[in-house]
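What follows is a short report on a single structure.
The values are calculated or read from the model by the stated rules, or taken from the named source; none is laboratory data. Note that the structure is predicted; figures quoted are calculated from it, not measured. In this analysis, Cβ positions are derived from the backbone assuming ideal geometry, glycine residues included, and neighbour counts consider all displayed protein chains. Just the protein is used for accessible areas: all its heavy atoms, side chains included, with ligands, DNA and RNA removed. Shrake-Rupley method; radii C 1.70, N 1.55, O 1.52, S 1.80 Å.
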Amino acid sequence: MAERTFVLLKPDAVQRALVGEILGRFERRGLKVVAMKMLRVTRSLGETYYAEHKGKAFFDPLMSYIAAGPVVAMVLEGEGAVAIVRKMMGKTNSAEAEPGTIRGDLALTIGRNIIHGSDSLESAKREIPLFFKPDEIHAYARVDEAWLRE
Ligand code: DAT
Ligand code: MG
């Protein structure tokens, strides 16, 4: 069953011009981009999005990091998308992430780990509507078919 997951390229990924590199990995794997936008994460959105970490020692630095510049948010669709994206991202602590993973190839520390991906289908269902309205998410297969008929 095709499922959807939420991915956020954090401010350092944008600032380091790694958007194409990371997006290309997902596209080449076969995941479909069904929604994408560049935006700033406000303090209020950041607190809702990372609510599970409120009260932890790294919460304030995490809020500053996520709000430090524009991010690229996206919804990726495909069979097993949630687990596949997590595997491709590598461990949360970039220092421990395996080479071949996004963090293992492109990031050095836990505090600058360049990417977020939903950790479960439930998280994806909570996170996607924080960033996208229903009409900003596109039914990829149907769009493609209509376009081919023209
Ligand atoms: P992930 O982003 O792999 O889902 P998470 O949800 O546990 O990891 O944490 C969210 C972000 O918070 C993570 O990408 C980086 C930061 N973070 C987590 N644990 C941390 C820690 N021990 N020290 C500093 N930052 C941390
Ligand atoms: Mg997480």
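Look at the dipole of the chain built from charges on Cβ: of 78, 50, 33, the Cα furthest out on the positive end belongs to 50.
Residue separation of residue 2 and residue 125 scaled by 0.36 nm, minus their Cα-Cα distance, works out to 42.9 nm of gained length. Nonpolar atom fraction for the chain, defined as the carbon and sulfur part of the 1.4 Å probe accessible area, stands at 56 percent.
A 1.4 Å probe run over the protein chains yields, for the chain, 56 Å² of accessible area per residue, whole-number rounding. Putting +1 on Lys and Arg Cβ atoms and -1 on Asp and Glu Cβ atoms, find which of 22, 92, 61 reaches farthest to the positive end of the dipole of the chain. My answer, from the dipole projection, is 61.
Among the listed pairs 37/125; 10/91; 10/37, which have their C-alpha atoms separated by more than 20 angstrom in this model?
Numbers: 37/125 18 Å; 10/91 16 Å; 10/37 12 Å.
From 37/125; 10/91; 10/37, over 20 Å: none.
Between residue 83 and residue 42, the C-beta separation translates, for a Förster distance of 22 Å, into a calculated FRET efficiency of about 0.15.
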